[in-house]
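Below: the structure, in structure tokens.
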Amino acid sequence: MVRKQFPFATALVVVATLASISACGSEGGGSSAGDAKGGAALGKGMAELPVEPTESPSPTEDPTDDPTDTPTGGNALVSPDIKMGTCGWGSDGIPYANVKITNSDSTTSYYTLMVGFVDGNDKAVTTGFESDAEVAGNASKTVKVVGLLADSSKKAKKCRVSLGTKSKTAS
């Protein structure tokens with residue numbers, strides 16, 4: 001019998017998707033209500049989606065709001081370099097999130113991002129994934145993370161960074 005191995009990127013996507021689903025779809029998971037630390041371990045970055053769809057900005061455009069979320073120290077799933085920016089829907093009904101990355105190192109780093117789009121009850125509507133976002137040393141970049149599924153009925157009310165890792169090499 002021949003045994004096939006999955007590439008590392010495939011395994012990462014599966015693990016990240018399961019982490020997002022377990023955080024966003026469980027009773028009270030991913031909600032910051034009653035959490036003295038300012039948020040659940042997953043989903044530190046959160047922003048409200050606008051009521052009306054907005055035009056999709058270019059991936060290099062800075063967020064129009066000033067991200068205020070500061071990840072709690074010790075959370076290995078979300079790098080402190082990552083902050084949630086604006087969220088919305090494209091004209092095709094697919095939600096997107098602008099995630100601002102500020103590389104705190106003097107050398108180029110690569111970021112892997114997973115964003116969860118959830119409804120008013122913190123139940124997952126869809127997720128978005130971006131891999132190997134390259135950010136130069138001591139520089140900032142806004143990355144557009146697009147949902148995997150359309151949300152034509154606009155159920156998603158919030159977006160949050162579920163996974164934000166940093167590495168020195170692209171995967």
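The values are calculated or read from the model by the stated rules, or taken from the named source; none is laboratory data. Source: prediction; values computed, not measured. Don't worry about glycine lacking a Cβ; one is built from the backbone with ideal geometry, like all the others, and counts go over all protein chains shown. For accessibility, only protein heavy atoms count, side chains too; no ligands or nucleic acids. Shrake-Rupley method; radii C 1.70, N 1.55, O 1.52, S 1.80 Å.
Once you list every other residue whose beta carbon is under 9 Å from the beta carbon of THR112, what net charge do they have if Lys and Arg are +1 and Asp and Glu are -1?
Residues close to THR112 contribute a combined charge of -1.
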Bounding extents of the stretch 106-171 in its principal axis frame from Cα atoms, largest first in Å, are 42, 19, 16
If the chain between ASP119 and SER167 were fully extended at 0.36 nm per residue, the gain over the current Cα-Cα distance would be 14.2 nm
At R0 = 45 Å the Cβ-Cβ FRET efficiency linking SER152 and THR107, nearest 0.05, sits at 0.60
Diffing the stretch 89-95: the Karplus 3J(HN,Hα) column from phi (6.51, -1.76, 1.60, θ = phi - 60°), in whole Hz with x for Gly and Pro, holds 10, x, 5, 8, x, 8, x
From most to least accessible, 1.4 Å probe, no ligand or DNA/RNA atoms counted, SER106, SER91 line up as SER91, SER106
